[in-house]
Amino acid sequence: MLEARLEQAQLLKKVVDAIKDLVQDCNFDCNDSGIALQAMDNSHVALVSMMLKAESFNPFRCDRNIAIGLNLVSLTKVLRAAQNEDILTLKAEDAPDSLNLTFESSDKDRISEYDLKLMDIDQEHLGIPDTDYSATISMPSAEFKRICTDLMAMSESVTIEAGKDGIKFACNGDIGNGSITLRTVQDVENKENNIEIALTEPVSLTFSLKYLVNFCKAQNLSKTVKLHISNEVPLLVEYAMEGGSYLRFYLAPKIGD
Amino acid sequence: SKQQQSILGFFSKG
């Protein structure tokens, strides 16, 4: 059986909030290393890969592989009843037809308990190849969100160009064009303001802004975001959480002239 | 113009 206790419900609330507009029905695959989710959006352009490591829970117990088939809209309805600071416990049997959730207020004067019906979801897993990306950019997640939102007002697509002089986000729309160039920032006092660019070769790729703006809903999960880019392969946008947990989004590029 | 690729063109099934 699964028993997983989170000190603060907000972690799960934020993760589900960040992905529920991209994917609807998906399995939470539980085993002794944690809770994983992999799902594509309906148009097969983006892929979500979530890993909530056992270390992010206290305690975490799951002695078998358990697939918890969830509708994220339904899960959101239940999670709305949890306060951010509530202690959240997930429980499920080995072959579950429901997921038990309890929310305990931090001063322990209220316990809410819900059982959510599960679904049988036949989900195909995709093999994601290990990639040595040509460019890895680490930046404040709020900055990335602002760039994507600003450029989406002008265009459907953004071209991300990483070179030795920095990283450029450029778009071309009906009303004109725009670009934002970022250079390396080293803020010793406030490391979360850093912009780090690791480059092995220059890259330039075009992506749909609609999806990038959607990924930015994960901004609350982490103060920084990492973009991993190589020519001709999907972009990886990664939000890291405490305990080695992460939320990753892969986005297929737009290719051609 | 540029064509949106599918993620399935890059990641293998199974």
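Structure notes:
- Single match in A:Leu236, A:Leu212 (criterion: within 14 Å of chain B (Cβ to nearest Cβ) and touching a His at 6+ places or on another chain (Cβ under 7 Å)): A:Leu236
- Scan of region A:171-197 for residues that are closer than 17 Å to A:Lys226 by Cβ and in a strand (DSSP E or B), ordered by number: A:Leu182, A:Val185, A:Ile195, A:Glu196, A:Ile197
- Taking the criterion of being surrounded by fewer than 12 Cβ atoms within 10 Å (Cβ to Cβ) and either away from chain B (no Cβ under 14 Å) or more than 22 Å from A:Ile19 (Cα to Cα) (or both), the only residue of region A:41-62 that qualifies is A:Pro59.
- Exactly one residue among A:Lys91, A:Lys77 is basic (Lys, Arg) and in contact with a Leu (Cβ under 7 Å, 6 or more places away or on another chain), and that residue is A:Lys91.
For every residue, the table says whether it meets (1) over 18 Å from A:Leu12 (Cα atoms); (2) away from chain B (no Cβ under 14 Å); (3) assigned to a loop (DSSP other than H, G, I, E, B).
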{"site": "A:Thr76", "(1), (2), (3)": "no, yes, no"}
{"site": "A:Ile121", "(1), (2), (3)": "yes, yes, yes"}
{"site": "A:Ile137", "(1), (2), (3)": "yes, yes, no"}
{"site": "A:Ala142", "(1), (2), (3)": "yes, yes, no"}
{"site": "A:Ser155", "(1), (2), (3)": "yes, no, yes"}
{"site": "A:Phe169", "(1), (2), (3)": "yes, yes, no"}
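- For region A:117-132, the criterion of being within 24 Å of A:Glu232 (Cβ to Cβ), of a type in the set (D, E, K, R) and without any contact (Cβ under 8 Å) to a residue 12 or more places away in the chain is satisfied by at least one residue.
- Restricting region A:123-135 to residues that are within 14 Å of chain B (Cβ to nearest Cβ) and surrounded by 12 or more Cβ atoms within 10 Å (Cβ to Cβ), the residue that is nearest to A:Ile197 (Cα to Cα): A:Tyr133
All of the numbers you see were taken from the coordinates with simple rules; none came from a lab. Because the structure is a prediction, the values reported are computed rather than measured. Don't worry about glycine lacking a Cβ; one is built from the backbone with ideal geometry, like all the others, and counts go over all protein chains shown.
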